[in-house]
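Written below as structure tokens is the structure these notes are about.
The values are calculated or read from the model by the stated rules, or taken from the named source; none is laboratory data. Computed from a predicted structure; not experimentally measured. Glycine also receives a Cβ, built like all others from the backbone with ideal geometry; neighbour counts cover every protein chain displayed.
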Amino acid sequence: MNIIPVSAFRDNYIWLLHNGKQAAVVDPGDAAPVQLFLNAHGLSLCAILITHHHADHTGGIQALTQACPVPVFGPAAEAIAGVTHPLTEGDTACVPELALELQVISVPAHTAGHIAYHGQGMLFCGDTLFSAGCGRLFEGTPEQLQQALSRLVALGDDTQVYCTHEYTLSNLAFARAAEPDNLARDQYAKHCEALRAENLPTLPTSIGLERQINPFLRTRCGTVIDQVAAHSGKRPRNDLECLTALRAWKDVF
């Protein structure tokens with residue numbers, strides 16, 4: 001299985017999975033770069049997977065399916081034009097052309113019906129988890145975000161995380177403020193800066209790495225708690241209060 005990040009807009013990645021003949025795409029906000037890649041490599045589209053309703057993740061569905069009618073998997077709890085296979089918690093997205101089976105995880109937070117796809121060591125999490133960060137709470141609650149992140153972290157350290165935005169360097173800048181002394185984070189930042197200097201993606205990341213460097217997964221760390229308290233003027237009493245304050249801080253960082 002080949003997994004390719006197809007760049008779109010300013011910082012989106014449309015993940016394209018292919019076996020040299022057939023291809024599936026995750027969150028195609030723009031059809032044009034997908035079609036260009038398919039044509040350039042002689043690939044046939046066989047499926048589309050959607051994590052949530054935002055236009056930069058769904059905008060290419062109509063053009064892609066007009067050119068090649070294929071199954072479109074997406075969250076049942078969100079109204080997304082073109083979705084043919086609505087999915088909920090515990091469902092499976094099957095793409096037989098790629099021998100691909102992905103389990104659906106409900107992760108409402110960024111949007112009310114957001115889902116993630118997990119299987120075969122891969123996680124396609126849309127805008128729920130980013131490298132060194134997490135998604136904004138446009139429709140969900142801090143409690144939902146906490147639950148979503150907890151579920152994703154439980155998938156195991158080796159899980160490869162395919163986020164849909166190149167936000168890593170800006171997230172790392174915030175991570176330094178939230179946890180000034182983190183050697184693993186600093187080493188990772190140097191690695192990511194070198195990649196971006198060559199216009200290369202910093203993704204995928206892994207659950208194991210994110211547990212070391214992502215402040216939103218480190219709300220029990222004393223340094224993170226101290227920094228949140230210093231910024232907000234109030235010491236969080238538990239993980240949820242720390243996560244809530246951290247997300248609010250990041251929103252204005």
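For the reader, a short list of remarks on this structure follows.
- Residue 123 being assigned by TED's automatic domain parsing to the domain that holds residue 149 and surrounded by 20 or more Cβ atoms within 10 Å (Cβ to Cβ): yes
- Set 202, 219: member being within 28 Å of residue 2 (Cβ to Cβ), of a type in the set (Val, Ile, Thr) and outside the structural domain of residue 107 (by TED's automatic domain parsing): 202
- In the range 200-215, the residue that is surrounded by the most Cβ atoms within 10 Å (Cβ to Cβ) out of those that are assigned to a helix (DSSP H, G or I) and hydrophobic (A, V, I, L, M, F, W, C) is 213.
- When the range 216-230 is filtered for residues that are touching a residue at least 40 places away in the same chain (Cβ under 8 Å), farther than 16 Å from residue 252 by Cα and part of a helix (DSSP H, G or I), the ones remaining, listed by number, are 217, 223, 224.
- For the range 200-253, a tally of residues being closer than 21 Å to residue 183 by Cβ, under 20 Å from the mean Cα position of the chain (by Cα) and of a type in the set (D, E, K, R) returns 3.
- Hits in the range 147-196 (condition: of a type in the set (Ser, Thr, Tyr) and modelled with pLDDT under 95): none
- Any hit, the range 126-137, residues being surrounded by 18 or more Cβ atoms within 10 Å (Cβ to Cβ), farther than 30 Å from residue 76 by Cβ and in contact (Cβ under 8 Å) with a residue 12 or more places away in the chain: yes
- Checked against (1) part of a helix (DSSP H, G or I); (2) surrounded by 19 or more Cβ atoms within 10 Å (Cβ to Cβ), residue 32 meets all criteria but (2).
- Screening 193, 241, 179, 198 for residues that are more than 22 Å from residue 135 (Cα to Cα) and charged (D, E, K, R) leaves exactly one candidate, 198.
- Within the range 138-150, the set of residues being under 17 Å from residue 236 (Cβ atoms), within 16 Å of the chain's Cα centre (by Cα) and either among the hydroxyl-bearing types (Ser, Thr, Tyr) or not in a helix (DSSP H, G or I) (or both) comprises just one member, 150.
- Residue count for the range 179-205, restricted to those that are in contact with a helix residue (DSSP H, G or I) (Cβ under 8 Å, 6 or more places away or on another chain) and farther than 24 Å from residue 156 by Cα: 4.
- Residue match in the range 162-184 (condition: surrounded by 24 or more Cβ atoms within 10 Å (Cβ to Cβ) and touching a Leu at 6+ places or on another chain (Cβ under 6 Å)): yes
- Members of the range 155-199 found to be over 18 Å from the mean Cα position of the chain (by Cα), more than 24 Å from residue 7 (Cα to Cα) and assigned to a loop (DSSP other than H, G, I, E, B), listed by number: 179, 180, 181, 182
- Filter result (crowded, with 18+ Cβ neighbours inside 10 Å and within 21 Å of residue 102 (Cα to Cα)) within the range 1-21: 5, 6, 13, 14, 15, 16, 17, 18
- Selection status of residue 124, over 29 Å from residue 224 (Cα atoms) and not aliphatic (A, V, I, L, M): no
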